[in-house]
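The values are calculated or read from the model by the stated rules, or taken from the named source; none is laboratory data. For clarity, every value in this text was computed on a predicted model and none was experimentally measured. Neighbour counts are summed over all protein chains in view; Cβ atoms, including those assigned to glycine, are modelled from backbone coordinates with ideal geometry.
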């Protein structure tokens with residue numbers, strides 16, 4: 001079926017009466033694209049972990065109804081802490097690193113400083 005207009009006609013056998021109906025077919029409306037305007041964490045912008053511990057970062061893409069909410073994660077020092085695609089931070093060595101989340105749409109970033117201390121006392 002394509003886009004356009006047609007007239008449907010029906011005719012009775014007895015009496016030859018007719019009725020018509022105009023049918024208009026349009027394209028399905030495309031929802032508006034809502035561009036990303038920023039990204040932030042819904043938890044503190046710093047965390048302290050002990051070697052072997054995990055922590056979670058939760059990125060919020062703004063506005064909340066943005067069309068493309070895809071983000072990537074990065075650790076400035078993966079020898080101190082790593083981060084996976086879900087924002088789970090794993091402490092691997094003593095030191096400090098910066099975890100960055102970046103939006104696919106617009107390249108907006110937010111950062112969290114992670115301090116990793118030695119094994120739990």
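Here is how the numbers come out for the structure above:
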quantity	calculated
Subset of segment 16-52 (residues that are over 30 Å from residue 107 (Cα atoms), at pLDDT 90 or above and outside any strand (DSSP E or B))	17, 51, 52
Residue in segment 59-72 that is more than 30 Å from residue 30 (Cα to Cα) and in contact (Cβ under 8 Å) with a residue 24 or more places away in the chain present	no
Residues of segment 12-45 satisfying the condition of being loosely packed, with under 10 Cβ neighbours inside 10 Å and touching a strand residue (DSSP E or B) at 6+ places or on another chain (Cβ under 6 Å)	18, 19, 20, 21, 22, 23, 24, 42
Inter-residue pairs, beta-carbon under 8 Å, first in a loop (DSSP other than H, G, I, E, B) and in segment 1-15, second exposed (fewer than 10 other Cβ atoms within 10 Å of the Cβ) and modelled with pLDDT under 90, 6+ apart	3/26; 3/27
Segments classed as strands (runs of 3 or more DSSP E), wholly inside segment 53-101, with at least 3 members that are in contact with a strand residue (DSSP E or B) (Cβ under 6 Å, 6 or more places away or on another chain), closer than 15 Å to residue 111 by Cα and at pLDDT 95 or above	59-62, 71-75, 81-83
